[in-house]
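Asker: Questions regarding the structure given below will be posed in turn.
The values are calculated or read from the model by the stated rules, or taken from the named source; none is laboratory data. Because the structure is a prediction, the values reported are computed rather than measured. Here the Cβ positions follow ideal geometry from the backbone for every residue, glycine too, while neighbour counts run over all protein chains shown. With ligands, DNA and RNA removed, areas are computed over all heavy atoms of the protein, side chains included. Shrake-Rupley method; radii C 1.70, N 1.55, O 1.52, S 1.80 Å.
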Amino acid sequence: MFKRADGRWVAQVLLDYKDGKARYKTSYARSEKDAVAKLNQAIAAVATGRHVPTQRVTVAQFVEEWLEQTVKPHRAPKTYRSYRQLYEHHLKDSIGRLDLKKLTHMQVQRLINEKDKDGYAPNTVDRIRATLRSALTVAWRQSLVAENVAQRVSVPKKVKKDPTFLQPEEAKRLIEAAGQTRFGNLIELALHTGMRIGEVTGLRWSDVDFDNAILRVRVQLQRVDSKLVLRELKSASSRRSLPLTARALDALKREKAEQLLMRSVLGERFANPMDLVFLNAEGRPMDQKHVHKHLKSALSGAGLPDVSFHSLRHTAASLMVAAGVPLQVVKDQLGHSSILLTSGTYAHMVPAAQREGAERLSKLLGG
């Protein structure tokens, strides 16, 4: 179901395939409520046999249609690419030829077991299952299958690993080493805020309130079809306002000055239509792969272990927890959807936070 440019709502139910092409029952409505009613009527018609598929529908036929008609128009491009890649690499050749209606949970279980034996990480195996499960949910809603068999499949147990992070002295060394590069202010801001890489590279000047020392996280920079674009953050918890420390504020002020210098040097060649805070040496948006490359170089220059950009986020969070910052505050700072996610990820730092709290209590009591 989707809304057209002319304001009308469209409700579609997949009926079957004819000559390799999907056939739909399509209804139009002026409101979303009416479209839902028509969609339910069409699904009921399929369920009661008033629309009977005339041809055999394979798993590959349905998943292809699901990717193009359900995922691509209504989900983030990154999600579509992820689903598409998992389907092409793991599902298409293994179960694609099977009859969708006759697919069993044991066939899917064998596929999952084979991926596990082939050495794929538990997270990857789980994502394969999740992709098929999402597709089959739509197939079930359209009465093309009697049940979602992927829901009854077991996946390998995930081995939880503590996040990798830098110690305070290591973080200081990284800031010093990166300070000599075009990416220094970006890395320092990331360490002081715990922002994700897409959030930092997508930060706009309009999101920075210098007077009140507040930074608003609203969008992220993503590559879509070989082009860097700004996209809204998908969850309410990700959209957040962060207080800026004096060091973080100084990093942004330095970046402002450097951008003004860049504008004067490049003249008419300077263009920043997205109003981005961080630009590369040519005045263009910072591609994530270049940020990773320069981070690796700065880590090497500082004699530090090779960690990912995401580890800078873990560093900010771990140090906050160790310093006794309440988990709810850390959750809000990171933009986590649940306090359980925060506590589960940084449980290894809780003992240090408890010790810090005990020491503070002791001082208050005259110890």
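Asker: Does segment 219-228 contain at least one residue that is in contact (Cβ under 8 Å) with a residue 24 or more places away in the chain and within 11 Å of the chain's Cα centre (by Cα)?
Answerer: yes
Asker: A further question on this structure: Which of the following residues is small (Gly, Ala, Ser) and in contact with a strand residue (DSSP E or B) (Cβ under 9 Å, 6 or more places away or on another chain): Ser134, Ser143, Ser94, Ser154?
Answerer: Ser143
Matching residues to (1) open to solvent by 50 Å² or more (accessible area, probe 1.4 Å); (2) among the small types (Gly, Ala, Ser); (3) modelled with pLDDT under 85; (4) within 30 Å of Ser235 (Cα to Cα):
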site	(1), (2), (3), (4)
Asn280	no, no, no, yes
Val291	no, no, no, yes
Ser297	yes, yes, no, no
Leu304	no, no, no, no
Ala316	no, yes, no, yes
Gly344	no, yes, yes, yes
Ala358	yes, yes, yes, no
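Asker: Need the failing condition index for Leu221 against (1) in a helix (DSSP H, G or I); (2) surrounded by 16 or more Cβ atoms within 10 Å (Cβ to Cβ), just the number.
Answerer: (1)
Asker: State whether one or more residues within segment 255-270 are within 29 Å of the chain's Cα centre (by Cα) and loosely packed, with under 13 Cβ neighbours inside 10 Å.
Answerer: The answer is no; no qualifying residue exists.
Asker: Among Ala178, Ala150, Ala146, which is the only one that is closer than 30 Å to Lys25 by Cα and touching a His at 6+ places or on another chain (Cβ under 8 Å)?
Answerer: Every option except Ala150 fails the conditions.
Asker: Restricting attention to helices (runs of 4 or more DSSP H) lying wholly within segment 1-102, give those where 3 or more residues are farther than 19 Å from Leu144 by Cβ, at pLDDT 85 or above and not acidic (Asp, Glu).
Answerer: 77-86
Asker: Sort through Ala146, Ala171, Ala139 and tell me the only one that's of a type in the set (Gly, Ala, Ser) and surrounded by fewer than 19 Cβ atoms within 10 Å (Cβ to Cβ).
Answerer: After applying the criteria, what remains is Ala146.
Asker: Is there a residue being in contact with a strand residue (DSSP E or B) (Cβ under 9 Å, 6 or more places away or on another chain) and of a type in the set (D, E, K, R) anywhere in segment 176-185?
Answerer: Checked against the condition, which is being in contact with a strand residue (DSSP E or B) (Cβ under 9 Å, 6 or more places away or on another chain) and of a type in the set (D, E, K, R), segment 176-185 yields at least one hit.
Asker: Do you know which residues across segment 101-120 are open to solvent by 50 Å² or more (accessible area, probe 1.4 Å) and within 26 Å of the chain's Cα centre (by Cα)?
Answerer: Asp116, Gly119, Tyr120
Asker: Okay, moving on. Take the residues of segment 174-209 that are polar (S, T, N, Q) and surrounded by fewer than 21 Cβ atoms within 10 Å (Cβ to Cβ): which is nearest to the chain's Cα centre (by Cα)?
Answerer: Ser206
Asker: Let me ask something else. For Leu252, are the conditions met, namely being surrounded by 15 or more Cβ atoms within 10 Å (Cβ to Cβ) and closer than 23 Å to Ala171 by Cα?
Answerer: Here the answer is yes, as Leu252 does meet what is asked.
Asker: For residues in segment 224-249 being of a type outside the set (A, V, I, L, M) and part of a loop (DSSP other than H, G, I, E, B), which is most open to solvent (accessible area, probe 1.4 Å)?
Answerer: If we take residues in segment 224-249 being of a type outside the set (A, V, I, L, M) and part of a loop (DSSP other than H, G, I, E, B), then Lys234 is most open to solvent (accessible area, probe 1.4 Å).
Asker: Criterion first (under 30 Å from Leu299 (Cα atoms), among the polar types (S, T, N, Q) and either outside any helix (DSSP H, G or I) or modelled with pLDDT of 90 or more (or both)) does Asn123 satisfy it?
Answerer: So Asn123 fits the description; yes.
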